[in-house]
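Engineer: Dropping a structure here in structure tokens format, bear with me for questions.
Where a number appears in this text, it was derived from the coordinates with a stated rule and is not lab data. Please read these numbers as outputs of a predicted model, since none were measured by experiment. Cβ placement follows ideal geometry from the backbone for every residue including glycine, while neighbour counts extend to all protein chains displayed.
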Amino acid sequence: VTEAGRSADSEALAVLRRVFGYDAFRGEQEEIIEHVVAGEDAVVLMPTGGGKSLCYQIPALVRPGTGVVVSPLIALMQDQVDALRALGVRAGFINSTLDFDERRVVEAEFLAGELDLLYLAPERLRLDTTLDLLGRGKISVFAIDEAHCVSQWGHDFRPDYLTLSLLGERWPDVPRIALTATATRATHREITERLVMPRARHFEASFDRPNIQYRIVPKADPKKQLLSFLTQEHAGDAGIVYCLSRNSVEKTAEFLSRNGVEAVPYHAGLDAGTRAAHQARFLREEGLVVVATIAFGMGIDKPDVRFVAHLDLPKSVEGYYQETGRAGRDGLPSTAWMAYGLQDVVQQRKLIQTGEGDEAFRRRAAAHLDSMLALCETVQCRRGQLLAYFGQEPTPGGCGNCDTCLNPPETWDGTVAAQKLLSTVVRLQRERGQKFGAVQIIDILLGKRTGKVIQFDHDQLSVFGIGEELSDGEWRGVVRQLLAQGLLAVEGEYGTLVLTEGSGSVLRREREVPLRKEPKKPVAARAASGG
Ligand code: ADP
Ligand code: ZN
């Protein structure tokens with residue numbers, strides 16, 4: 001370490017202690033901060049709650065000039081800026097919620113060098129006026145928060161993020177740090193390419209939260225299941241219960257309160273005063289349960305949340321990880337518990353089909369849902385599956401702290417089924433040069449002469465009708481689980497099925513494919529009638 005490096009280093013630590021009141025850096029924070037303070041670019045992948053903010057806030061305070069933070073979370077800017085100001089940091093923001101005069105004040109502060117941090121919405125950077133403004137001030141660092149928004153594959157894609165590549169062109173001497181909590185390997189690559197950060201160093205924190213026990217149970221009578229989970233394992237503990245609809249939030253909160261668990265609802269339909277009061281109680285009290293839609297929890301930092309329960313299926317693994325990640329920030333044992341039923345799948349598919357967005361958006365949403373389902377259905381370690389989803393190495397031999405590790409699920413030998421399915425994919429590709437999605441593959445296996453099967457002559461394939469021993473639903477289970485095990489992959493805009501490196505070993509009969517038994521019908525029927 002050079003003399004200059006060491007002094008920047010200790011200055012960062014001094015700022016951490018003096019301004020933020022913390023004793024030590026966490027994980028890779030110090031290395032990241034040191035790197036950016038030295039003027040280099042960085043791409044940071046760190047889970048929610050990992051401490052990303054300090055990675056750009058401290059360089060902004062240490063380096064001369066203003067740190068410009070690009071964030072799409074307009075609703076959080078005011079809170080972030082207020083929190084920083086409370087610590088004595090000179091922070092401001094410019095977004096569409098400011099009127100002309102308010103904006104002028106912030107602009108003047110920036111130009112006078114009176115701001116340590118300036119938060120901007122990405123759409124601002126499309127405007128010449130903003131670029132002119134930035135050009136007339138002194139910038140210490142650019143932080144690009146939620147950097148996965150640049151990925152056209154992600155569910156959070158923001159076209160405005162594509163314009164951020166100009167920052168490097170226009171300010172080649174200002175270091176840039178791109179941060180995200182949700183990035184698969186492919187997204188990581190996309191961030192580097194689209195933001196044009198070829199020399200950036202990549203920092204990747206582990207996504208493992210060893211103190212969280214992951215459990216997913218078949219949904220039968222969800223409210224009762226929740227109640228017994230809470231009373232048996234988390235009596236008197238603070239926690240969050242997530243539901244999809246406001247109606248089920250209200251009903252669940254009432255149900256819990258009636259049954260001796262202190263619970264309050266939280267959703268966008270409540271007035272701001274009630275929401276603020278419930279949130280304040282949650283932060284202050286020790287054993288309160290908040291029943292909420294996903295709006296709750298963003299930016300909330302309560303270390304002793306002992307459980308997060310899902311009564312409805314999250315829309316994506318990212319969402320699930322983020323929501324469950326609000327449990328156990330203090331490092332003490334916590335539970336991520338979810339009840340999941342077939343009705344969830346039906347409901348979510350319908351939401352995707354009838355919801356907003358174009359065809360590409362729907363396909364992405366469907367792919368996200370499939371990954372979530374794969375997590376629900378895996379016979380393998382749930383933590384391992386989560387880590388693999390984020391492109392990280394799972395614990396060999398299982399984690400020992402999830403339901404599938406603690407209680408291995410009932411399985412059936414899906415080897416033959418997997419071979420049939422994979423050989424259908426192979427045949428189509430080798431003999432016809434075609435790729436198809438799951439629906440067509442399953443129709444072929446089941447020997448269904450649908451319009452599309454006839455149109456492509458697929459009833460002439462030797463594999464036509466070789467899978468009649470399973471139902472349509474069971475085949476979909478096979479597909480989802482093969483995807484989950486990495487023995488099959490989905491590709492491109494049309495969600496076509498393609499082989500992976502692992503597929504060969506199944507086709508060559510070198511490995512067995514254990515599959516989790518599909519939830520039994522009575523469970524699904526009860527879940528459906530129970531709402
Ligand atoms: P992220 O943006 O990655 O979700 P935050 O930056 O909001 O995470 O940090 C999460 C919480 O951890 C915040 O309350 C933050 O103040 C706290 N934190 C971050 N770094 C440290 C540290 N080195 N020591 C103690 N607390 C920290
Ligand atoms: Zn496990």
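Engineer: Starting from the Cα gyration tensor of segment 418-495, take the square roots of the eigenvalues, sort them a ≥ b ≥ c, and report rounded, prolate or oblate (rounded when a/c is under 1.5, otherwise prolate if a/b is larger than b/c, else oblate).
Structural biologist: It comes out oblate by the Cα gyration axes.
Engineer: Let me ask another. Using the Karplus curve 6.51 cos²θ - 1.76 cosθ + 1.60 with θ = phi - 60°, work out ³J(HN,Hα) for each residue of segment 197-202 in order, rounded to whole Hz, and write x for Gly and Pro.
Structural biologist: Ordered by residue, 3J(HN,Hα) equals 10, x, 9, 5, 8, 9 Hz.
Engineer: Can I ask one more? Are there any GluC sites (Glu not before Pro) in segment 104-177 that are in a DSSP loop and have at most 14 other Cβ atoms within 10 Å? List them by number. Let's see the in-between values first.
Structural biologist: Numbers: sites: GLU107, GLU109, GLU114, GLU123, GLU146, GLU169; in loops: GLU114, GLU146.
Qualifying residues, ordered by number: GLU114.
Engineer: A further question on this structure: For segment 331-474, take every pair of Cα atoms, bin their distances at 10 Å starting from 0, and report each bin as a whole percent.
Structural biologist: Percent of Cα pairs in each bin: 9, 28, 34, 22, 6, 1.
Engineer: Further, regarding this structure: How much length, in nm to one decimal, is gained on full extension between ASN211 and LEU162, taken as 0.36 nm per residue of separation minus their Cα-Cα distance?
Structural biologist: Details: separation 49, 0.36 × 49 = 17.64 nm, distance 3.75 nm.
Extra length from ASN211 to LEU162 when fully extended: 13.9 nm.
Engineer: Please list, ordered by chain and number, the residues whose modelled amide H lies under 5 Å from the amide H of VAL241; skip anything fewer than 5 residues away on the same chain.
Structural biologist: The list, which skips near neighbours in sequence, is VAL290, VAL291, ALA292, ALA309.
Engineer: Follow-up. Counting only DSSP beta bridges with both residues in the chain, what percent are antiparallel, rounded to the nearest 5?
Structural biologist: The antiparallel fraction comes to roughly 15 percent.
Engineer: Additional query: Using a Förster distance of 35 angstrom, determine the FRET efficiency expected from the C-beta separation of VAL416 and LYS452, and round it to 0.05.
Structural biologist: After rounding, the FRET efficiency stands at 0.85.
Engineer: Turning to a different aspect of this structure: Given 0.36 nm per residue, what is the gain on full extension from ARG17 to ASN247 after removing their alpha carbon distance, in nm?
Structural biologist: 78.3 nm
Engineer: Same structure again: Excluding CYS243 itself, what net charge comes from residues whose Cβ is under 11 Å from its Cβ, given Lys and Arg +1 and Asp and Glu -1?
Structural biologist: Local charge sum for CYS243: +1.
Engineer: Taking segment 319-411, which GluC sites (Glu not before Pro) meet the DSSP loop condition and have no more than 13 other C-beta atoms within 10 Å?
Structural biologist: GLU356, GLU410
Engineer: Now, a different point. Compare the Cα positions of ALA276, VAL15, GLY287 along the charge dipole of the chain (+1 at Cβ of Lys, Arg; -1 at Cβ of Asp, Glu; about the Cα centre) and return the one farthest towards the positive end.
Structural biologist: Looking along the dipole axis, the top candidate is GLY287.
Engineer: Let me ask something additional. How many nm separate the modelled label positions at ALA235 and ALA366, each set 7 Å beyond the Cα in the direction of the Cβ?
Structural biologist: Calculated label separation equals 4.8 nm.
Engineer: Any of LYS350/LYS448; LYS224/LYS315; LYS302/LYS517; LYS138/LYS302 with alpha carbons more than 26 Å apart? Name them for me.
Structural biologist: Where the Cα-Cα span goes over 26 Å, the pairs concerned are LYS302/LYS517; LYS138/LYS302.
Engineer: Something else about it: Collect residues whose amide H, placed 1.01 Å from N in the peptide plane, falls under 5 Å from the amide H of GLY67; neighbours closer than 5 in sequence don't count.
Structural biologist: Answer set, sorted by chain and number: LEU117, LEU118, SER140, VAL141.
Engineer: Output wanted: per-residue J couplings in Hz (rounded whole) for segment 213-222, from phi through Karplus 6.51 cos²θ - 1.76 cosθ + 1.60, θ = phi - 60°, x for Gly and Pro.
Structural biologist: Running phi through 6.51 cos²θ - 1.76 cosθ + 1.60 with θ = phi - 60° gives 8, 8, 9, 10, 10, x, 7, 10, 10, x Hz.
Engineer: How big is segment 93-160 on each of its three principal axes, counting only the C-alpha atoms and giving the largest first in Å?
Structural biologist: Principal axes ranked by extent give 40, 26, 19 Å for the Cα atoms.
Engineer: So what J values fall out for segment 416-428 if you push phi through Karplus, 6.51 cos²θ - 1.76 cosθ + 1.60 with θ = phi - 60°, rounded to Hz, Gly and Pro as x?
Structural biologist: Computed from phi, the couplings for segment 416-428 are 5, 4, 4, 4, 4, 5, 5, 5, 5, 4, 4, 3, 4 Hz.
Engineer: Right, here's the next one. Work out how much length ALA277 to LEU111 would gain on full extension: take 0.36 nm times their residue separation and subtract the Cα-Cα distance, in nm to one decimal.
Structural biologist: Numbers: separation 166, 0.36 × 166 = 59.76 nm, distance 3.83 nm.
Between ALA277 and LEU111, full extension yields an extra 55.9 nm.
Engineer: Could you let me know the centre-to-centre spacing of segment 437-457 and segment 170-200, using Cα atoms, in angstrom?
Structural biologist: Segment 437-457 and segment 170-200 have Cα centres spaced 42 Å from each other.
Engineer: Still on this structure: Before rounding to the nearest 500, sum -39500 (n - 2.57) across all DSSP H runs of length at least 4 in the chain and divide by the residue total; then give [θ] at 222 nm in deg cm²/dmol.
Structural biologist: Details: 22 runs with 233 residues, N = 531.
Taking each H run of at least 4 residues, the total per residue is -13000 deg cm²/dmol.
Engineer: A follow-up question, please. Which angle from 0 to 90°, rounded to the nearest 10, does the C-alpha axis of helix 3-18 make with the longest principal axis of the chain?
Structural biologist: 80 degrees
Engineer: Count charges around CYS399 for me, please; just the other residues with Cβ under 9 Å from its Cβ, Lys/Arg as +1, Asp/Glu as -1.
Structural biologist: With Lys, Arg at +1 and Asp, Glu at -1, the neighbours total +1.
Engineer: How big is the chain by Rg and Dmax over its Cα atoms, in Å?
Structural biologist: Cα only, the chain: 25.2, 75 Å (Rg, Dmax).
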